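Notes follow once the structure below has been shown.
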Amino acid sequence: MPVSDFELVQAWRQVLTLCRLEAGQTVTLLTSLGSNEQTLRCAVLAVREKGAIANRLDLQPTNGALSFSRDPLAFVGTTPLTNNRAAVEMLKASDLVLDLMTLLFSAEQHEILAAGGRILLAVEPPEVLVRMTPTMEDRERVLAASKKLQAAKIMRVTSAAGTDASFALGDYPMLEEYGFVDVPGRWDHWPSGFLATWSNEGSAEGKIVLAPGDILLPQKSYVTAPITCHLEKGFVRAIEGGYEADHLRNYMESFNDPEVYAVSHIGWGMQDRAHWSVMGFYDREASIGMDPRACSGNFLWSTGPNNEAGGTRDTACHIDIPMRGCTVTLDDVPVVKDGRLVENA
Ligand SMILES: O=c1ccc(O)c[nH]1
């Protein structure tokens, strides 16, 4: 069922309060062809209610004929901001950017943040936004777990299906996603509620076995048969399995870029208002799949770019792979056990 404008304005009001938006500040709503009109309409009302200026910057879409999917996360790195100096300058001059288009994994996003900007991505359907309106508890849970991840040297993931992989940590920053941007220079994604980092270059080793029910994004598919990914020196060296493995391999090969096989961010979900089953109820293009990315107790790993973390890899192919039933340990201390968050981890 859709949500009413009243509910969505209330949700935006809570988000803008958590973002510490003040009267007189300037907000720019970044939109493109695929932006949700109700999300935009309700955001403007909530911004004006705060006494802030609500500008809209509507950009022409890019990469449409290059990407195999209209999911904005299927083709990352270049965006409508690329080589668009006037647009970048407007966003850098804004106190808060509400990204209803998707800038993730772009150099321009970094430039805006480095200039002290704040960017909040919000492209899920309105009812998903309302269901997972962020709270201070989300922030506290993610930051408490982040302290443990920052102190860890090795992350290890295992599963009954045969996963056994390890990652050295420490060279890259944390990806703390709790759904609002309360300090200058911060990016976040509403909805979210998960923690990740990037493994040290060349350190990802072992085997990750996707079991039936694990998810591939942006494919938006629940795997129905095992897919085995062999990791060596930080890259996926082989992908074995049935036709779903072929489909994944075919898609990655289409980019003709060896960087697509690099291991990207690794972490786990902590959002108890996100649910595994939600993706099965949505048409593939109706959502970008934040429920599986954030749901509590998943192991979320990914392939492709690390420019988000200050790395040099900016390949356009980014695969997010949330898994169930895994045990994730930090220096042998479990933070997720058999697919369930370890309390106070
Ligand atoms: O919020 C997100 C979404 C996708 C991704 O790869 C990272 N964080």
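The values are calculated or read from the model by the stated rules, or taken from the named source; none is laboratory data. As the structure is a computational prediction, the values presented were derived from the model and not from experiment. Don't worry about glycine lacking a Cβ; one is built from the backbone with ideal geometry, like all the others, and counts go over all protein chains shown. Each accessible area value is taken on the protein alone, full model and side chains, heavy atoms only, with ligands, DNA and RNA left out. Shrake-Rupley method; radii C 1.70, N 1.55, O 1.52, S 1.80 Å.
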Inset, instruction - List every residue pair whose Cβ atoms sit under 7 Å apart, with the two residues 6 or more apart in sequence or on different chains, where the first one lies in the range 152-175 and is closer than 18 Å to Ser264 by Cβ and the second, anywhere, is polar (S, T, N, Q) and open to solvent by 60 Å² or more (accessible area, probe 1.4 Å). - result: Met174/Gln150
Inset, instruction - Could you identify the single residue in Leu30, Leu16 that is in a helix (DSSP H, G or I) and open to solvent by less than 50 Å² (accessible area, probe 1.4 Å)? - result: Leu16
Inset, instruction - Determine if the range 245-263 includes at least one residue that is within 15 Å of the ligand (Cβ to nearest atom), within 26 Å of Glu176 (Cβ to Cβ) and touching a Phe, Trp or Tyr at 6+ places or on another chain (Cβ under 6 Å). - result: yes
Inset, instruction - Report the residue count in the range 254-278 for those that are buried (at least 24 other Cβ atoms within 10 Å of the Cβ) and in a loop (DSSP other than H, G, I, E, B). - result: 2
Legend entry - All positions within the range 70-107 that are outside any helix (DSSP H, G or I) and either over 20 Å from the mean Cα position of the chain (by Cα) or surrounded by fewer than 16 Cβ atoms within 10 Å (Cβ to Cβ) (or both): Arg70, Thr82, Asn83, Asn84, Ala93, Ser94, Asp95
Inset, instruction - Determine whether the range 207-229 contains at least one residue that is within 14 Å of the ligand (Cβ to nearest atom), part of a loop (DSSP other than H, G, I, E, B), on the phi > 0 side of the Ramachandran plot and open to solvent by 10 Å² or more (accessible area, probe 1.4 Å). - result: yes
Legend entry - Output for the range 195-205, where each listed residue is more than 15 Å from the ligand (Cβ to nearest atom) and either charged (D, E, K, R) or more than 14 Å from Tyr261 (Cα to Cα) (or both): Asn200, Glu201, Glu205
Legend entry - Scan of the range 279-315 for residues that are within 15 Å of the ligand (Cβ to nearest atom), surrounded by fewer than 20 Cβ atoms within 10 Å (Cβ to Cβ) and outside any loop (DSSP other than H, G, I, E, B), ordered by number: Asn307, Ala309
Inset, instruction - Can you tell me which residue within the range 40-69, out of those that are part of a loop (DSSP other than H, G, I, E, B) and open to solvent by 40 Å² or more (accessible area, probe 1.4 Å), is nearest to the ligand (Cβ to nearest atom)? - result: Phe68
Legend entry - Pairs with Cβ under 8 Å, 6+ apart, first in the range 41-52 and over 13 Å from Thr28 (Cα atoms), second of a type in the set (A, V, I, L, M) and open to solvent by 60 Å² or more (accessible area, probe 1.4 Å): Lys50/Ala23; Gly51/Ala23
Legend entry - Residue that is polar (S, T, N, Q) and away from the ligand (no atom under 13 Å from the Cβ), where the choices are Ser146, Ser192: Ser146
Legend entry - Positions within the range 148-165 being open to solvent by less than 40 Å² (accessible area, probe 1.4 Å) and within 18 Å of Thr197 (Cβ to Cβ), in sequence order: Leu149, Ala152, Met155, Val157, Ala165
Inset, instruction - Within the range 142-163, count every residue that is closer than 16 Å to Leu341 by Cβ, of a type in the set (S, T, N, Q) and part of a helix (DSSP H, G or I). - result: 1
Inset, instruction - Could you please let me know if Arg273 is over 21 Å from Phe167 (Cβ atoms), in contact with a Gly (Cβ under 8 Å, 6 or more places away or on another chain), in contact (Cβ under 8 Å) with a residue 40 or more places away in the chain and among the charged types (D, E, K, R)? - result: yes
Inset, instruction - Taking the residues in the range 17-40 that are free of Cβ contacts under 8 Å to residues at least 40 places away in the same chain and of a type outside the set (Asp, Glu) as candidates, determine which candidate is farthest from Gly185 (Cα to Cα). - result: Leu33
